[in-house]
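Written out below as structure tokens is the structure these notes cover.
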Amino acid sequence: MLRHLNRLTSIASARNYAITKNLFASASVLAENKDPVNVIEKSQDLKKHRKSQTVAAVFASLTDTEQPQTEAKDGKIDVDEIILNAKTVNGLLNIAEQNKDLTRKHALKIVSILAEWTSIERAKLAEFENDTRFTKLCRMLGRAVKNNNNNTGNINKRLENFRNADLDTVLGVTGDDEAAKLVASITVEQMVKVLKNLSVKKRRSTPLLRSLAFNMSGKEEHLNIKQCSDVLYAIASLNFPEPVLISKLCDDIQLDLKKSEIKKSSTIGSMLTSLAFLKYREPVVLDCLSEWIVKNQSICRTQDIAALCMTLATLNYMPIDLEDVIKTKLAPSLTPLDFKNSSDYLSYVWSLMSLNIPIDATFNNVLDNSFIEKLSSDYKNEIPIPAKIKLLNINGGVKLFMPSYKGAMLTREKHQSIYSVPLLLNNDKQLLIKAMTDALKNIIPEACLRIHQDTNMGFSADAEFYIDSSANPIPKETNDSKRIALMVHDYHDFCQGPHQHLSGIAALNSRLLSKAGYEVLSVPYNEFSVNDLLLKRVTYLQKIIKNASKN
């Protein structure tokens, strides 16, 4: 209890507000689970969340006026226990008058309890706001007090306006570590609001985020769809993919989708987008969200239908029987005019290619020169690298997967700036490729080995070579040879979730290579490590190459 009160005291000392009403607004916030991050609700909403038994017990205790003098183990009076055992407003205020050893921590505790009693209508602010004992408590908390008897009718409004300032106190003044300690004492609803505030402020406080994720995951209370959407968006925007918390959110989404009537598609679209950003692949949840979009297409916004396609593509997942629905119902309902900008439409069309949904007219739209000129104009004549890669992916896809396609195509002669896109790799992948290359040189003669080969489809083959039927490397293609492409897949090439799967981008690259005539061999980071001895790496590569020769 002392530790909890210490936390509250640190919050109260953060700011100095001008009037008693504002002080009490802060105290009301503190009263909700003893922490100021709670957002004050309207009185009828507060009543709704209080159990009738609790309210009855509170009112029944109004007649108790005695203040037990509890002694601590060292023989001193335990003020904390006296405060907790107080039954009336007068009893609480007497503590401020009778105890010389009263600290700011105790003052904050008393004011918090008074605020809570006011919120459940056990007491009225007007009864004690001008009491000298209450004034003493206010001064101990470092706040000036003015007599104010005429504005009690606006209390709720002022409390509502004050809540954001109080939230700033917890998240700013107390510091990350102290705020993280407070999380255990607040409700799930409050945790959601703290996460939203962190997201809005773009503040990635790791101690606080970890504490929020840990405590929220451990609660049995289920979040509703809106809360799940808010939390997913917050952790996605803060790039904090905590798997245990996301797993809980996925469970709660499934439960609430079954029992709630959702009238707006924006919440569903937001969750889909957040899952894609987090790269979290949970088939059951994706099935539920996809089913909702299909059933409610008539009220779905363009961006929410597009979000479904882009999320499924990013996560390399297609729900059963949905491919035909997307091809015949969802995709035809979207046109370039439905999108705010050309890059969004390009991402949507790329998702159709990744999902293996061939629609000639759609691919023609983005490969046409007029679209490319518009895209270039939107970016001040310099198409960004991700957009160039998507264009090359789509161009390679229509060439390999759609032999009957007669629409526009990219050519190196006309679109040299797109084809010359630098194929950059992150540091982890560079290290893995180097480790693989060092091992390959012990197996494949350098004359037969090609490293980091540009495929002209927006990515490179990490290593390629030919082998004969006995898995021996050969310098060129023969009738019985196989063209091998080794693709290194690091942590970022995989989705997160209960089962490990390649992301949509990595999977599409492998499909394009396979269709181009390669035998694609994946070298995943969890099987092939830069920390492995050279002998182990060589043995691993020999094994997968030999297995490929038998297929």
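The values are calculated or read from the model by the stated rules, or taken from the named source; none is laboratory data. The structure displayed is predicted, hence computed values, not measured ones. Counting neighbours? That spans all protein chains shown, and the Cβs are built from the backbone with ideal geometry, glycine included. Heavy atoms of the whole protein, side chains included, go into the accessibility calculation; ligands, DNA and RNA do not. Shrake-Rupley method; radii C 1.70, N 1.55, O 1.52, S 1.80 Å.
Two numbers describe the Cα atoms of the stretch 383-515: Rg and Dmax, which are 16.4, 46 Å. Along the charge dipole of the stretch 404-503, pointing to its positive end and built from +1/-1 on Cβ of Lys, Arg, Asp and Glu, which listed residue (444, 485, 416) has its Cα farthest out? With unit charges placed on the Cβ atoms, the residue in question is 416. Probing with 1.4 Å while keeping every protein chain in the model, the per residue accessible area of the stretch 397-520 equals 50 Å².
Once you divide the Cα radius of gyration of the stretch 345-400 by 2.2 N^0.38 Å, the number left is 1.06. Projected onto planes of every orientation and averaged, the convex hull of the alpha-carbon atoms in the stretch 420-487 covers 5.1 nm². Over the stretch 438-520, what percent of the accessible surface lies on carbon and sulfur atoms, probe 1.4 Å? After summing per-atom areas, the C and S share lands at 45 percent. When the Debye formula is applied to the Cα atoms of the stretch 183-293, each taken as the same point scatterer, what base-10 log of I(q)/I(0) results at q = 0.17, 0.19, 0.22 Å⁻¹? With one equal scatterer per Cα and no solvent, log10 I(q)/I(0) is -0.74, -0.94, -1.26.
Among the listed pairs 124/219; 226/340; 202/515; 196/279; 201/327; 136/226, those whose Cα-Cα separation exceeds 31 Å are 124/219; 202/515; 201/327; 136/226.
Debye-formula intensities of the stretch 260-301, expressed as log10 I(q)/I(0) at q = 0.30, 0.33 Å⁻¹, are -1.13, -1.23 (one equal scatterer per alpha-carbon, no solvent).
Take the stretch 282-323, drop everything but the C-alpha atoms, weight them equally and run the Debye formula without solvent; then report log10 I(q)/I(0) at 0.24, 0.30, 0.31 Å⁻¹ to two decimals. With one equal scatterer per Cα and no solvent, log10 I(q)/I(0) is -0.80, -1.18, -1.23.
In this structure, the amide hydrogen of residue 496, modeled 1.01 Å from its nitrogen in the peptide plane, lies closer than 5 angstrom to those of 280, 281, counting only residues at least 5 positions away or on a different chain. For the stretch 309-315, the Karplus equation 6.51 cos²θ - 1.76 cosθ + 1.60, evaluated at θ = phi - 60°, returns couplings of 5, 5, 5, 4, 5, 4, 8 Hz by residue, with Gly and Pro reported as x. Carbon-plus-sulfur accessible fraction, the stretch 223-322 (probe radius 1.4 Å, protein heavy atoms only): 52%.
Using r as the Cβ-Cβ distance of residue 409 and residue 120, and R0 as 60 Å, what FRET efficiency do you calculate, to the nearest 0.05? Please report the intermediate quantities before stating the final value.
Working: r = 70 Å, r/R0 = 1.17.
E(calc), rounded to 0.05, equals 0.30.
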